[in-house]
Structures are given as structure tokens and as C-alpha cells.
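Trainee: Handing you a structure now.
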Amino acid sequence: MLRNLNKFVRFSTRGFGLKMSPLPDVKHLPALHSTLEQAKRFAAYRAVDENLDYANHRVIGVGSGSTVIYVAERLGQYLLDPQYSIYASQFVCIPTGFQSKELILTNGLRLGSVEQYPALDIVFDGADEVDENLQLIKGGGGCLFQEKLVSTSAAKFIVVADYRKRSPKYLGTNWVKGVPIEVVPSGYIRVLRDLKTKLKCKNAVLRQGAPAKAGPVVTDNCNFIIDADFGKIERPEILHRDIKMLVGVVETGLFIDNASKAYFGNPDGSVELQV
Ligand SMILES: O=C[C@H](O)[C@H](O)[C@H](O)COP(=O)(O)O
């Protein structure tokens, strides 16, 4: 039976020019250029291996950022392993933005959209900070709206991050650039004003694209991003609700009661799990 299955896999993937190879053992991976990158890869590979139910999961969200690169890489490796390929070839991967769309395609995975697949089995995504209650700040890379759409449409949301992202207690401790907020371009002045006057924000700035782009960062949804500094955030759920009430706000980078687990990679290869 297994021999026949392997024969089928070899036959069915040959047409696509894929070279089959077993899933690389995490303990014997070639070194990367920095220990931080290695930490990200350890977290991502472990998160996928421990949470992907390859025989049953079909619709898989792939988030944005530098850690999720290794999630897409690992999913691509499942596709190339004769033992898993028959299942992995059924995966449909849902992106959270342009970068993640490219990651899905370059790793040979099948691309879908959240409009086609509004209920996902699982999503893997990065975070800028994770507090002790698994509340998150996201959007440091400007992708928060689509990330939230996808992560709140999934049965499970697994965070992949390096050790720097784990907050000792409150959000706003390690991530001090402020809460990313996606806003409609014509409303940004009004939101900046309301953040300061109504919500007593310490500082709020329109994120700039320099040096890569003159003028503001424009998101995948053609919106702007404001970074709003509230210091340490003791009640992120209340702050999220208050920001969302402001006219012009599309979404906030506070992800409340959304994540199921977080994996934090360390430079020595160990990975810490927060549930
Ligand atoms: O907008 C970007 C996303 O929310 C990222 O997932 C977040 O910034 C974490 O990115 P990284 O894995 O590069 O630290």
C-alpha cells in the first residue's frame, strides 16, 4: 500500500518538476547567517511540526513578516516528502498580504484567498509582542488588517516568534514603537488628533516609507499606518475597542483573544511554548 502511494506521489509530482526529498531533521539543519534567524527558524519549524494535522488540515493561513518565511519553507518541505506529499498537495494556503502570497508561491504551495475559503483550519503568523495573556501587538510590517481577517477566520492561530517578542507582562514593554493602526488615508489627520485628545496617547505618528519610499507607508489595502504610543498597555482589550471607535480607523494591531499558542525560538535552538 505504502509502496503504491509512494509510486503515485513520484508520478504525480514529476509533472510539476518537483524533486522529492525527506522532511529535513530540525537537529541537522545547515546554519543560517545569524543566531536570530536560527531562532526564528527553530520556532517556525517546531510550530508547524507540532500543530499541522497534515492528514486533516486543508486550509492553512500563512502570515507576514520575517519569521513566517520559515513556516512557508517548512510547509513546502512537507510537499516534497514522499510520506506527506499526498496530503500536502491538498493544502490550500491563504495569504495575509503580498509578501505572504509570494512566500506561498515560491515554496510551491497552492494559493487560495480568504474570499474563497472564509473558514481556515489553522494559521501561522508572527507577532511584534506577546503579553502574558497571549494578547498581541502586530503590524510592525504594515500587514495587520489582512492578518486579522485571516487569523480570526481560523480554528487555530499559532504565533511564531523569536525570544525578543515575549513580554515580561504588558504589551508596550518590548515593542516601544507604538500600536500600529491602519487608517483610511483621508482620515489620518482626524485619527491622529483623536488619538491624542480623546485617548490621551503619548505620541502618534504617520508611518513613513523613507528611505524606500518618499511619503507615508501604503498598506496592501491602500491605507496608511499610524503608530500610537500608549506606553505599557494594561488593558489591551479596552484600548483596542476605544481605537476602533475612532472615525477613519480600519483596524488596530492589538490582537485580542485570538492566538491559541505562541512559540518563541532561542538562539541556542531551544523553543519556548506559551499557551
Ligand atoms: O505587519 C507585520 C506582521 O504583523 C508581522 O507578523 C510582525 O511584524 C512580526 O514580524 P517578524 O516575524 O518579522 O518579527
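Trainee: Taking the options Ile104, Ile158, name whichever one is in a strand (DSSP E or B), more than 10 Å from the ligand (Cβ to nearest atom) and within 18 Å of Val62 (Cβ to Cβ).
Mentor: Working: Ile104 fails: in a strand (DSSP E or B).
Exactly one of Ile104, Ile158 is in a strand (DSSP E or B), more than 10 Å from the ligand (Cβ to nearest atom) and within 18 Å of Val62 (Cβ to Cβ), namely Ile158.
Trainee: So in segment 1-53, with the set limited to residues that are exposed (fewer than 11 other Cβ atoms within 10 Å of the Cβ) and within 16 Å of the ligand (Cβ to nearest atom), which one is modelled with the highest pLDDT?
Mentor: Ser34
Trainee: Name the single residue, out of those in segment 107-120 being in a loop (DSSP other than H, G, I, E, B) and touching a strand residue (DSSP E or B) at 6+ places or on another chain (Cβ under 6 Å), that is nearest to the ligand (Cβ to nearest atom).
Mentor: Val114
Trainee: Here is a further query. Taking the options Val275, Val184, Val191, name whichever one is outside the structural domain of Asp162 (by TED's automatic domain parsing) and under 25 Å from Asp121 (Cα atoms).
Mentor: Numbers: Val184 fails: under 25 Å from Asp121 (Cα atoms); Val191 fails: under 25 Å from Asp121 (Cα atoms).
So the residue among Val275, Val184, Val191 that is outside the structural domain of Asp162 (by TED's automatic domain parsing) and under 25 Å from Asp121 (Cα atoms) is Val275.
Trainee: Please go through segment 123-139 and give me each residue that is on the phi < 0 side of the Ramachandran plot and surrounded by fewer than 22 Cβ atoms within 10 Å (Cβ to Cβ), ordered by number.
Mentor: Answer for segment 123-139, where residues must be on the phi < 0 side of the Ramachandran plot and surrounded by fewer than 22 Cβ atoms within 10 Å (Cβ to Cβ): Glu132, Asn133.
Trainee: Would you point out the residue of segment 54-69, among those that are more than 9 Å from the ligand (Cβ to nearest atom) and of a type outside the set (A, V, I, L, M, F, W, C), that is nearest to Gly265 (Cα to Cα)?
Mentor: Within segment 54-69, the match that is nearest to Gly265 (Cα to Cα) is Gly61.
Trainee: Still on this structure, please answer the following. Identify all residues within segment 169-205 that are within 16 Å of the ligand (Cβ to nearest atom) and assigned to a strand (DSSP E or B); write none if there are none.
Mentor: Leu171, Val179, Pro180, Ile181, Glu182, Val183
Trainee: Would you confirm, using the coordinates I've provided, whether Tyr70 is under 26 Å from Glu272 (Cβ atoms) and either assigned to a helix (DSSP H, G or I) or not aliphatic (A, V, I, L, M) (or both)?
Mentor: yes
Trainee: Follow-up question, since we're still on this one. Name the residue that is farthest from the chain's Cα centre (by Cα), counting only residues in segment 226-261 that are within 21 Å of Val123 (Cβ to Cβ) and part of a strand (DSSP E or B).
Mentor: Val250
Trainee: Going through segment 174-192 one residue at a time, which ones are surrounded by fewer than 15 Cβ atoms within 10 Å (Cβ to Cβ) and either at pLDDT below 95 or of a type in the set (S, T, N, Q) (or both)?
Mentor: Within segment 174-192, just Ser186 meets the criteria.
Trainee: Filter segment 121-155 for residues that are within 8 Å of the ligand (Cβ to nearest atom) and in a helix (DSSP H, G or I); which is modelled with the lowest pLDDT?
Mentor: So, considering only residues that are within 8 Å of the ligand (Cβ to nearest atom) and in a helix (DSSP H, G or I), the one modelled with the lowest pLDDT is Leu144.
Trainee: Let me ask another. Among the residues of segment 196-210, are any closer than 24 Å to Leu36 by Cβ and not assigned by TED's automatic domain parsing to the domain that holds Glu73?
Mentor: Yes, segment 196-210 has at least one match.
Trainee: Next question. With the condition kept exactly as written, say whether any residue in segment 73-80 is touching a residue at least 40 places away in the same chain (Cβ under 8 Å), in a loop (DSSP other than H, G, I, E, B), at negative phi and more than 16 Å from the ligand (Cβ to nearest atom).
Mentor: No - not one qualifying residue is present in segment 73-80.
The values are calculated or read from the model by the stated rules, or taken from the named source; none is laboratory data. Note that the structure is a prediction, hence the values are computed from the model and not measured. Cβ coordinates were reconstructed from backbone atoms using ideal geometry, including for glycine residues, and neighbour counts include every protein chain displayed.
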